[in-house]
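The values are calculated or read from the model by the stated rules, or taken from the named source; none is laboratory data. These figures come from a predicted structure and were not determined experimentally. Ideal geometry is used to build each Cβ from the backbone, glycine not excepted, and the neighbour counts take in all protein chains shown. Just so you know, the surface numbers come from the protein's heavy atoms only, side chains and all, with ligands and any DNA or RNA stripped out. Shrake-Rupley method; radii C 1.70, N 1.55, O 1.52, S 1.80 Å.
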Amino acid sequence: MQDTPRVWGRVNSVNVQKVLWCCDELGVPFERIDAGLQFGKLDTPEFRALNPNGRIPTLVDGDVVMWESNAIMRYLALRQAETDTQGPSRSLYPQAAAARARVERWLDWVLSTLGPAERAMFHGMIRTAPEKRDMAAIQASAKASGDLWRLLDDHLAQGGPFVEGDTFTLADIALGGYARRWYGVEVEGRPDLQHLSAWYGRVAERPGFARHVAPPLT
């Protein structure tokens, strides 16, 4: 019997949410340990021994310690595929090289491009007091984010109901957490992206999204 993985991280972190949602999709039970922001713990010797970066999420699964949310999702899918050859792990993280690479590019894009673009918008509107907001920076971030979401909207217009066709994958999880922020923050001039909105409606119906991503932004 496999150990129950422990996920270090607070529930309002988008990167922790991705991991918890992934566990839900895979049917992987987990124990979560509050860490980060008001919970502290990231600078303790215990945590730094697990993750020298001092960041969340961090996964402890028996002797395996993983950090970086997308790497954790990949690991969880591969972990399940070892024992469940017909289960959701095979569709969430495809086995074929081309199909897997198409998923991987979105995982990288979230980290390298989308996440940095939306950071000022999210932190400015959700985690900054109104009197301290830099509205110019927030609007610039919203504009940059909108341009990137339009790119995904164009991509969705060419394919199936999910990011990479007919099958829900890790790409939908990675992007879905950030889409929750995009649709949950009130900013001026948000473009009307019909394909993106329809896709977001589909992923938002999934139980894992409802449990781990849908709660109010904080």
Residues within region 18-39 that are over 19 Å from residue 76 (Cβ atoms) and open to solvent by less than 30 Å² (accessible area, probe 1.4 Å), tallied: 1
Subset of region 58-73 that is touching a residue at least 12 places away in the same chain (Cβ under 8 Å) and over 12 Å from the mean Cα position of the chain (by Cα) - its residue that is most open to solvent (accessible area, probe 1.4 Å): 67
Residue 48 open to solvent by 50 Å² or more (accessible area, probe 1.4 Å), farther than 20 Å from residue 83 by Cα and over 18 Å from the mean Cα position of the chain (by Cα): yes
Considering residues of region 98-125 that are acidic (Asp, Glu) and without any contact (Cβ under 8 Å) to a residue 40 or more places away in the chain only, the residue most open to solvent (accessible area, probe 1.4 Å): 108
Count of residues meeting criterion [buried (at least 21 other Cβ atoms within 10 Å of the Cβ) and under 17 Å from residue 167 (Cα atoms)] in region 74-97: 4
Single residue of 192, 166, 154 found to be under 18 Å from residue 92 (Cα atoms) and among the acidic types (Asp, Glu): 166
Failed item, numbered, when residue 15 is tested on (1) within 27 Å of residue 167 (Cα to Cα); (2) polar (S, T, N, Q); (3) exposed (fewer than 12 other Cβ atoms within 10 Å of the Cβ): (3)
Top-ranked residue in region 159-182 [being over 14 Å from residue 206 (Cα atoms) and among the acidic types (Asp, Glu); ranked as farthest from the chain's Cα centre (by Cα)]: 166
